[in-house]
Amino acid sequence: MNKLVKDALVLTCITVIAGFALGLVYEITKAPIAKAEEAALQKAYQTVFAEADSFEDLDGFDAEAATKVVKDAGYTDDSIDNCVQALDASGNPLGYVITVTTSAGYGGNITFSVGITNEGVINGYSITSISETAGLGMKARDEGEGTFSSQFIDRNAEIFTVTKTGAHESNEIDAISAATITSKAVTNGVNAGVTYFNSLVGGAANE
């Protein structure tokens, strides 16, 4: 057999076997990965709506249409991935949890869920995916008093701006030291969530 043909057949066999193996690995890991992602999402929901008994997909939610709403408002780096209603033990709606992805992070995409009550009060946000610089932008996911994220808790759902000189106005957010890009990315992501929330309840975010 011609050596060139033989080598080509061997290479083809290796490629087919490798492709099959990769496909098999994908099928084996697909379900556990999806389960882990769903668990992380549910944890994020509970973090930003601790008083909720359950969460229900928003009827008729369309990610493409929701994303168009925020992009038309100027948040071109942000997308609305999902929206659920937070319900109490009796099934009464308490507010919304809106999942946002911003592509404006220093290290790439940042995905988080932000909770907003029916009264228009932000409960905070919870990050499910981030790859910012350790010790700098990664501080955006820290929780607790005095953290960057704590600035969004119990705040009116308005449009926020980032400052590096200390927040003095109700709509100002202190940037993470040496991580202004991350700070602006997350803040604008929250703003996108607020914008979508206002489109649901018929309000208008402050500009």
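Against the chain, whose longest principal axis is taken from its Cα atoms, helix 180-201 shows a tilt of about 70°. Compute the distribution of all C-alpha to C-alpha distances in the stretch 142-207, in bins of 10 Å from 0, and list the percent of pairs in each, rounded to whole numbers. Binned Cα distances yield the sequence 22, 53, 22, 3. For the stretch 148-203, with all protein chains in place and a probe radius of 1.4 Å, 45% of the accessible heavy-atom surface sits on carbon or sulfur. Rolling a 1.4 Å probe over the protein heavy atoms gives the stretch 83-128 an accessible area of 32 Å² per residue.
Summing Lys and Arg as +1 and Asp and Glu as -1 over all other residues whose Cβ lies under 14 Å from the Cβ of A104 gives a net charge of -1. Proximity of backbone amide H atoms, modeled 1.01 Å from N, is registered between Y106 and T182 at under 5 Å, excluding neighbours fewer than 5 places apart on the same chain.
Annotation: amide H of S129 within the under-5 Å range of T111, sequence separation 5 or more or interchain, hydrogens built in the peptide plane.
What is the dipole size for the stretch 88-180, taken about its Cα centre, with +1 at each Lys and Arg Cβ and -1 at each Asp and Glu Cβ, in debye to the nearest 20? Don't skip to the end; give the middle numbers.
On the way: 4 positive and 11 negative charges, 65 e Å.
That gives a dipole near 320 debye.
Per-residue SASA remark: V70, around 0 Å² accessible (1.4 Å probe; ligands, DNA and RNA not included). Couplings 3J(HN,Hα) of the stretch 142-158, computed from phi: 5, 10, x, 4, x, 8, 4, 5, 5, 5, 9, 8, 6, 10, 4, 6, 10 Hz, in residue order, whole Hz [Karplus 6.51 cos²θ - 1.76 cosθ + 1.60, θ = phi - 60°; x for Gly and Pro]. Normalised by the number of residues in the chain, the average gap of Cα pairs under 8 Å and 6 or more apart makes the relative contact order 16 percent.
What number results when the radius of gyration of the stretch 68-138, computed over Cα atoms, is divided by 2.2 N^0.38 Å? Write out the running numbers ahead of the final one.
Details: Rg = 14.1 Å, N = 71, 2.2 N^0.38 = 11.1 Å.
Normalised Cα radius of gyration, the stretch 68-138: 1.27.
Calculated mean residue ellipticity, 222 nm, the chain: -13500 deg cm²/dmol, from DSSP H runs (n ≥ 4) at -39500 (n - 2.57) each, averaged per residue and rounded to 500. Note on the stretch 91-113 and the stretch 123-177: Cα centroid distance 13 Å, given to the nearest whole angstrom. Taking amide H as placed 1.01 Å from N in the peptide plane, N156 has its amide H under 5 Å from the amide H of I122, each at least 5 places away in sequence or on another chain.
The eigenvalues of the Cα gyration tensor, multiplied by 5 and square-rooted, give the stretch 91-170 an equivalent ellipsoid with semi-axes of 22, 17, 11 Å from largest to smallest. Heavy-atom accessible surface of C13, to the nearest 10 Å², is about 80 Å², with a 1.4 Å probe and all protein chains retained. Beta bridges per DSSP, both residues in the chain: antiparallel share near 90 percent.
Across the chain, how many lysine pairs, 8 or more apart or on two chains, come within less than 21 Å at their alpha-carbon atoms?
Working: K30/K43; K35/K43; K43/K139; K68/K184; K71/K184; K139/K164; K139/K184; K164/K184.
Total qualifying Lys-Lys pairs in the chain comes to 8.
Helix 3-48 against the longest principal axis of the chain: what's the angle in degrees, Cα atoms only, rounded to the nearest 10? Orientation of helix 3-48: about 20 degrees from the principal axis.
Note down the magnitude of the dipole of the chain about its Cα centre, charges +1 on Lys and Arg C-beta and -1 on Asp and Glu C-beta and zero elsewhere, to the nearest 20 debye.
Working: 12 positive and 27 negative charges, 230 e Å.
In total the dipole reaches around 1100 debye.
Here the 3J(HN,Hα) profile of the stretch 80-96, calculated from phi with Karplus coefficients 6.51, -1.76 and 1.60 at θ = phi - 60°, is 9, 7, 6, 8, 10, 9, 8, 10, 7, 4, 8, x, 7, x, 9, x, 10 Hz, Gly and Pro shown as x. With all protein chains kept in place, the per residue accessible area of the stretch 130-207 amounts to 50 square angstrom at a probe of 1.4 angstrom.
Roughly how tilted is helix 63-72, in degrees to the nearest 10 and between 0 and 90, from the longest Cα axis of the chain? Around 60 degrees separate the two axes. K184 contributes an accessible area of around 110 Å² to the protein surface, as traced by a 1.4 Å probe with all chains present.
The values are calculated or read from the model by the stated rules, or taken from the named source; none is laboratory data. Small disclaimer: the values here were computed from a predicted structure and weren't measured. Cβ atoms come from the backbone with ideal geometry, glycine included; neighbour counts cover every protein chain shown. Accessible surface areas use protein heavy atoms only, side chains included; no ligands, DNA or RNA. Shrake-Rupley method; radii C 1.70, N 1.55, O 1.52, S 1.80 Å.
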